[in-house]
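Enquirer: Below you'll find the structure I mean.
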């Protein structure tokens, strides 16, 4: 993977991580279009995801600080409840990471038709939010677990993480602002954990990844900068209740990917 290719893919990641169109799916499609032959596709995906996690932490730094301060009071306050919901939401993706990692990695091997099919599934999820209940309720552990299941399914390329988690939250009746905040912050601990595991493998055999170091850094920086912009944009989109319009994009790109992938 060249530096230019890494920058292009980093920009794709930064924009599509927060927009409900599947960043992992677009990374796979981007690699196919650019015809990249990197042996570190999964490591690159983790690096650019880590970059967008960092951009999330920058955008929501006040929320993160307030949560930490609230936890240090050692009381059952709103911050403690939020932290528990984050922990509960991590259970499904933790299960996938521990027991299904090798199976998931197989889907990152340029399966264009599969990505297209999953983009159409994402489009359906986004479209059905027009039927979301108007009766709002607070976020509780059971809802957090359901949203966590959506996040775990979204490890498949083509299933949008932000799209599936926000759509699930809206269908459950969670407030738009609350579900946007929760969706973007719930991914922080799992991605950091995955990144640490991959860095451990990197340290054990750095020679295997030596040629990709500069490209990984270039992709990281590109994803971080574009992620900052996309994160703020997506928050406003969710508040206005406009995410269903992204369904049409997913349907079109998904259909094209299926046709191309089956040729």
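The values are calculated or read from the model by the stated rules, or taken from the named source; none is laboratory data. None of the values given here were measured: they were computed from a predicted structure. Every residue, glycine as well, gets a Cβ built from its backbone with ideal geometry; the counts of neighbours run over all protein chains shown.
Enquirer: Residue 56 - would you say it is without any contact (Cβ under 8 Å) to a residue 24 or more places away in the chain, at negative phi, in contact with a helix residue (DSSP H, G or I) (Cβ under 9 Å, 6 or more places away or on another chain) and surrounded by 16 or more Cβ atoms within 10 Å (Cβ to Cβ)?
Expert: Working: without any contact (Cβ under 8 Å) to a residue 24 or more places away in the chain: no; at negative phi: yes; in contact with a helix residue (DSSP H, G or I) (Cβ under 9 Å, 6 or more places away or on another chain): yes; surrounded by 16 or more Cβ atoms within 10 Å (Cβ to Cβ): yes.
No, not satisfied.
Enquirer: Among the residues of the stretch 9-31, is there at least one that is assigned to a loop (DSSP other than H, G, I, E, B), farther than 21 Å from residue 149 by Cβ, modelled with pLDDT under 90 and in contact with a helix residue (DSSP H, G or I) (Cβ under 9 Å, 6 or more places away or on another chain)?
Expert: yes
Enquirer: May I ask you to verify whether residue 95 is within 27 Å of residue 121 (Cβ to Cβ) and buried (at least 22 other Cβ atoms within 10 Å of the Cβ)?
Expert: No: the conditions fail for residue 95.
Enquirer: Moving to a separate point now. What's the number of the only condition in (1) assigned to a helix (DSSP H, G or I); (2) exposed (fewer than 14 other Cβ atoms within 10 Å of the Cβ) that residue 133 fails to meet?
Expert: Among (1) assigned to a helix (DSSP H, G or I); (2) exposed (fewer than 14 other Cβ atoms within 10 Å of the Cβ), residue 133 violates only (1).
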